[in-house]
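A.B. asks: So that we are looking at the same thing, I have put the structure below in structure tokens.
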Amino acid sequence: MNRFELYQKIKEIQSAPIREMAYYLADEKRIAITSFGLAWSKATAPWIYFDTVLDLEGLRSQFGLGENMEVHENLDPKSGLERGFVDRTTGEGLMGKI
């Protein structure tokens, strides 16, 4: 996916905090996106995966994230190690490595 297509997909994210953090990480920080879409068969909203360990507290502070942004952590090596945020309102997520 080229940069234009990537930004078009990010633009479709309904969660303003997820969208803003995704632009920040992809554009300003130049961190590669490793996956973008439905994370599993029962997912109802897209998740964006970044090739980095996310500074969750730093992002929470920088973007003024409220209680709607829930920390998600998967420690099962079979299904994929990940840590990031899920917007409780939209179900959209922004994940990084552990």
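A.B. asks: Taking the mean number of other Cβ atoms within 10 Å as a proxy for protection, how do you rank 20-31, 59-70 from highest to lowest?
C.D. replies: Numbers: 20-31: 15.8, 59-70: 13.8.
The packing order, highest mean first, is 20-31, 59-70.
A.B. asks: What are the extents of the Cα atoms of region 3-97 along their three principal axes, in Å, largest first?
C.D. replies: 31, 29, 24
A.B. asks: Turning to a different aspect of this structure: Restricting to DSSP H runs of at least four residues, report the calculated mean residue ellipticity at 222 nm for the chain, -39500 (n - 2.57) per run over all residues, nearest 500 deg cm²/dmol. Write out the running numbers ahead of the final one.
C.D. replies: Details: 3 runs with 24 residues, N = 98.
Using -39500 (n - 2.57) per qualifying helix, the result is -6500 deg cm²/dmol.
A.B. asks: What is region 3-97's relative contact order, in percent, from Cα pairs under 8 angstrom and six or more apart in sequence? It would help to have the intermediate numbers written out before the result.
C.D. replies: On the way: 144 pairs, mean separation 26.2, N = 95.
Across region 3-97, relative contact order equals 28 percent.
A.B. asks: Sorting check: for 9-17, 80-88, which peptide has the highest mean count of neighbouring beta carbons within 10 Å, and how do the rest follow? Intermediate values should be presented prior to the final figure.
C.D. replies: Numbers: 9-17: 16.7, 80-88: 19.2.
The packing order, highest mean first, is 80-88, 9-17.
A.B. asks: A further question on this structure: Report the label-to-label distance for residue 61 and residue 83 in nanometres (one decimal), using points 7 Å from each Cα along the Cα→Cβ vector.
C.D. replies: With each label placed 7 Å out from Cα toward Cβ, I get 1.6 nm.
Coordinate-derived values only; no laboratory data. Just so you know, these numbers come straight off a predicted model, no measurement behind them. Glycine gets a Cβ as well: all are built from the backbone with ideal geometry, and neighbour counts include every protein chain shown.
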